[in-house]
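Have a look at the structure below, then the notes.
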Amino acid sequence: MFSTCSICRTLTPYGVSRCPTHKPRRHHVKTRQQRGYTEEYLTNRRIILKDDPICSICLRRKATTADHIVPLSKGGTNKLNNLRPACLPCNSGRGNRT
């Protein structure tokens, strides 16, 4: 038995909804280590968040994450002088901007 590709209508094996051309690609998910979050980062994050600081970006909410001042993708490091306390909305909203 055969079915057809849901996009181009070519014949595919029964139960397969898309042909090899239109098969969805699986994205490789990097581990924390591969993204640059090393033991040094985790240690420095604990140091920064130890005293329940407020967010250094909005100055309103409690900081729950450590934000890279210069992002890793732009050549930043996980050193203590490149990290600052930030709340989750501020940190995730910044993306990889300096």
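Being assigned to a loop (DSSP other than H, G, I, E, B) and among the hydroxyl-bearing types (Ser, Thr, Tyr) narrows it down to one residue among Tyr37, Tyr41; which is it?
Values: Tyr41 fails: assigned to a loop (DSSP other than H, G, I, E, B).
Criteria check complete, one pass: Tyr37.
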ask   = Out of all the residues in region 4-22, is one or more assigned to a loop (DSSP other than H, G, I, E, B), at positive phi and out of contact with any strand residue (DSSP E or B) (no Cβ under 8 Å at 6 or more places or on another chain)?
value = yes
remark   = For region 69-88 the number of residues that are in contact with a helix residue (DSSP H, G or I) (Cβ under 6 Å, 6 or more places away or on another chain) and in a strand (DSSP E or B) is 2
Conditions (1) part of a loop (DSSP other than H, G, I, E, B); (2) at pLDDT 95 or above; (3) touching a helix residue (DSSP H, G or I) at 6+ places or on another chain (Cβ under 8 Å): number failed by Ile47 = (1)
query = Only one of (1) under 16 Å from the mean Cα position of the chain (by Cα); (2) small (Gly, Ala, Ser); (3) surrounded by fewer than 13 Cβ atoms within 10 Å (Cβ to Cβ) fails for Ala66. Which number is that?
reply = (3)
key: Condition check for Leu83: surrounded by 12 or more Cβ atoms within 10 Å (Cβ to Cβ) and of a type in the set (A, V, I, L, M)   = yes
request  = Search region 26-63 for residues being of a type in the set (A, V, I, L, M) and over 12 Å from Asn78 (Cβ atoms), and hand back the single one that is surrounded by the fewest Cβ atoms within 10 Å (Cβ to Cβ).
outcome  = Val29
query = Which pairs have Cβ atoms under 7 Å, sit 6 or more apart or on different chains, and link a residue in region 25-43 that is among the hydroxyl-bearing types (Ser, Thr, Tyr) to one that is part of a loop (DSSP other than H, G, I, E, B) and modelled with pLDDT of 80 or more?
reply = Thr38/Asn78; Tyr41/Asn78
inquiry  = Tally up the residues in region 2-47 that are aliphatic (A, V, I, L, M) and in contact with a Ser or Thr (Cβ under 9 Å, 6 or more places away or on another chain), please.
reply    = 3
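The values are calculated or read from the model by the stated rules, or taken from the named source; none is laboratory data. Bear in mind the structure is a predicted one, so any value in this text is a computation, not a measurement. Positions of Cβ are generated from backbone atoms using ideal geometry, with glycine treated the same way; all protein chains shown enter the neighbour counts.
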